[in-house]
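S.K.: Supplied in structure tokens, the structure appears directly below.
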Amino acid sequence: MEKRVTFNERWLPYLLVAPQIVITLVFFFWPSGQAIWQSLLIEDAFGGNTKFVWFDNFAALLHDDAYFASVRLTLVFSALVASIGLAVSLLLAVMADRVIRGATVYKTFLVWPYAVAPAVAGVLWGFLFNPSIGIVAWMLAGIGIEFNYVINGNQALLLIVIAAVWNQLSYNFLFFLAGLQSIPKSLIEAAAIDGAGPGRRFWDIMFPLLSPTGFFLLVINVLYAFFGTFGVVDALTKGGPGQATSILVYKVYNDGFRGQDLGGSSAQSVILMIVVVLLTIVQFRFIERRVHY
Amino acid sequence: MVENRPFVTFLSHFVLVVGLVVIAFPIWMTFVASTHDQATMLRSPIPLLPGKHLLENYREVLSSGYNQGSGGIPLFMTLTNSLIMALGVALGKIAISIISAFAIVYFRFPLRMIFFWAIFVTLMLPVEVRIVPTYGVVASLGMLDSYSGLIIPIIASATATFLFRQFFLSVPDELAEAARVDGASPMRFFWDILLPMSRTSIAALFVIQFIYGWNQYLWPLLVTTKQSFYTAVMAVSRQATVVDTVPSWNLLMAMALLTMLPPVLVVVVMQRQFVRGLVETEK
């Protein structure tokens, strides 16, 4: 879509886009280019010698079991975050859509976890599950479950999943609720007159009509689990115990800043960039479709 | 609803209340922990109801930080930094996005589409995937440990530019035509007509970007080494990782609560703009 009426100025438009373009060039394109360039180099830890090695860094990643462990972990993690997050928020949204009384109160209380920083969310859940004084850990001990995320890798993973889902819940909830409220009431009423109960109406009418929203949220949640959860991991487990919660984005940070392996870290960055680009394309293709829907 | 089913309605309320309790539980425990003294918070099980030390805990973290003597930073300082960063990011993003969208929609000039796509691709590169080289760039520009280093590298915004572009495209052409006929310059048109019309979009974006700026974690972690530039979220997380050596859970939780208060207030008070911003920036 284009404007029919435009202004004729020679230099003004360049002046207007300049701040955005300069920042984009300096802080997006330059570093991204450097990431790609560095991924082809090997540098010793003191930055003294640099050698151009073509795709050796990528080849090294392909032979690195720790990297594949992190890939598998990230897939499991994002599958858990997306599926649990979507299921819980869909349940809450369907219930909130049903009730008339108190709907705004419920909504107000459900929106604010979005405003809590992921790192702070990590701290809160770490407090609840703290092995020595955490109240939830204490309750679990009461029913015979030893919960110590500091030494148990699976429990650490479970905990970052819980914290990540909690943090993203409001977002999913609001989109599902908006999706539900845009379903024409006449459809629901017609089904009710034909004798369909609430369960039947949900599965046969609402659920299919919500699928575009659900798919959109799926992509957003996977993106969130891949990149948005850095703060949760760093505040809660620092990737540990061992490498049990070292998801890909955390590994990039850890290898690059702690390990000083710039080449390897950059190669991982490049792979992640490709993942984001693919996911974003999927998201946009889908949005195109949703417009026609 | 289309029919009266008391049991289903009851079930809905029940599920929602259970959901609310589970979701609010971490916040409640944070609040409770921040109102007790240090000794109470070291004995398991910790209490479920608030204690009597609310004011002294909050006064202590605000004025002298987590622990005096060993380099604790007063929380009012980190909160101020967070506020500067959040406002800087939100207003900066809005300002540079609205003028670039204005240029792209209301002018025809060579390279216009190239600029448009250059802004578009930044959508695909979150800070997290290019941290090491971006850090390098900021360091070589001498922007470490400064507010400009905290703010400027993250204010380029494809989503905000798109939102304004979308909105400008929906503004009737007659307005620009009338302005031109009356001899108004483009900037005059922008200030007197376009900007006032964009008020609701600006408010919606402000809420989203304020939260985004306030909750930044990885970026401030990288570009600050001096305590005087630490943000509140960073301070909480740093303290949490060493809490077991000097365990003052009461103070840590008071810090956490004060840190999440401003963005939560913004969301709750500006709920309408928040929901609108959320839905619109994702289009």
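Taken together, the values in this text are just the output of simple stated rules run on the coordinates, not laboratory data. Every value quoted in this text rests on a predicted model; they were computed, and no experiment measured them. Using ideal geometry, Cβ is built from the backbone for each residue, glycine included, and neighbour counts are taken over all protein chains shown.
S.K.: Please give the average number of partner chain Cβ atoms lying within 10 Å of the Cβ of each residue in B:98-106, rounded to a whole number.
M.R.: Rounded to a whole number, the mean comes out at 6.
S.K.: Per residue of the stretch A:90-101, what does 6.51 cos²θ - 1.76 cosθ + 1.60 with θ = phi - 60° give for ³J(HN,Hα)? Whole Hz please, x for Gly and Pro, Karplus curve as stated.
M.R.: 5, 4, 5, 5, 4, 5, 5, 5, 6, 6, 9, 6
S.K.: Determine, for A:T108, B:T159, the number of other Cβ atoms within 10 Å of each Cβ, and report the residues in order from fewest to most.
M.R.: On the way: A:T108 12, B:T159 19.
By the 10 Å Cβ count, ascending, the order reads A:T108, B:T159.
S.K.: By how many degrees, between 0 and 90 and to the nearest 10, does the Cα long axis of helix B:199-214 differ from the longest principal axis of chain B?
M.R.: 40
S.K.: Around A:L41, which amide H atoms from residues at least 5 apart in sequence, or from another chain, sit under 5 Å from its own amide H, with H modelled in the peptide plane?
M.R.: Residues meeting the criterion, in which the H sits 1.01 Å from N, are A:V53.
S.K.: Right, next: Roughly how many debye, to the nearest 20, is the charge dipole of the stretch B:76-223 about its Cα centre, given +1 on each Lys and Arg Cβ, -1 on each Asp and Glu Cβ, and no other charges?
M.R.: 180
S.K.: So what's the net charge close to A:I271: Lys and Arg +1, Asp and Glu -1, counting the other residues with Cβ under 14 Å from its Cβ?
M.R.: Details: positive: A:K251, B:R130; negative: A:D64, A:D255, B:E128.
Cβ neighbours under 14 Å give a net charge of -1.
S.K.: Ok, one more. At 7 Å along the Cα-to-beta-carbon direction for both A:L158 and B:T80, put a label point, then send me their distance in nm to one decimal.
M.R.: 4.5
S.K.: When A:S186, B:S201 are ordered from fewest to most other Cβ atoms inside 10 Å of their Cβ, what list results?
M.R.: Arranged by neighbour count, lowest to highest, A:S186, B:S201 become A:S186, B:S201.
S.K.: May I ask which residue of B:V268, B:F189, A:F28 lies farthest towards the positive end of the charge dipole of the protein assembly as shown, with charges of +1 (Lys, Arg) and -1 (Asp, Glu) on Cβ and the Cα centre as origin?
M.R.: B:F189
S.K.: Rounded to the nearest 10 degrees, what's the angle between the helix B:112-121 long axis and the longest principal axis of chain B, both from Cα atoms, 0 to 90?
M.R.: 20
S.K.: Can you work out the Karplus-derived ³J(HN,Hα) for every residue in the stretch B:189-198? Use 6.51 cos²θ - 1.76 cosθ + 1.60 with θ = phi - 60°, whole Hz, and x for glycine or proline.
M.R.: Coupling constants for the stretch B:189-198: 4, 4, 5, 8, 10, 5, 4, x, 6, 8 Hz.
S.K.: Continuing with this model, one more query. For B:R199 paired with A:N8, estimate the spin-label separation in nm (one decimal), with each label point 7 Å from Cα along the Cα-to-Cβ line.
M.R.: For the pair B:R199/A:N8, the computed spacing is 3.5 nm.
S.K.: In addition: Could you please report the charge total around A:D64, scoring K, R as +1 and D, E as -1 over all other residues with beta-carbon less than 15 angstrom from its beta-carbon?
M.R.: Net charge around A:D64: -2.
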